[in-house]
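The values are calculated or read from the model by the stated rules, or taken from the named source; none is laboratory data. What you see is a predicted model, and the numbers here were worked out from it, not measured in a lab. A quick note on method: Cβ atoms are made from the backbone with ideal geometry, for glycine too, and the neighbour counts reach across all protein chains shown.
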Amino acid sequence: MDLELIKENKKGKTYQANGLKVLYRYKGMVAGNNSKNVEELIYFITGSAKITLKDKIWIVESPAKVESPAKTYHRVEALTDVGFILLEK
């Protein structure tokens, strides 16, 4: 499986690989923060993050799995440097 770097900025890096994305976010950075998503499965492989899904907020420590239904407000705030795999359905 080849990983292609598709985005790099102050938030971190995003790679594309065979229908999935591998994301790295630096401590304090945010991913998501919208409700413009398809159904998503997020597999945290390193670090910890504060998750907001609709009006529910919780902390995940890797390894962890989070499911986000389509068109649902979601936000991932990196509490440490964090790495995760994103599968969009």
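Give me the residue from segment 34-89 that is touching a Lys or Arg at 6+ places or on another chain (Cβ under 7 Å) and among the aromatic types (Phe, Trp, Tyr) and, out of that set, nearest to Gly12 (Cα to Cα).
Tyr43
From the set of residues in segment 30-45 that are more than 16 Å from Lys65 (Cα to Cα) and within 11 Å of the chain's Cα centre (by Cα), which is modelled with the lowest pLDDT?
Within segment 30-45, the match that is modelled with the lowest pLDDT is Asn33.
From Val38, Val66, Val60, which residue is touching an Asp or Glu at 6+ places or on another chain (Cβ under 9 Å) and in a strand (DSSP E or B)?
Val66
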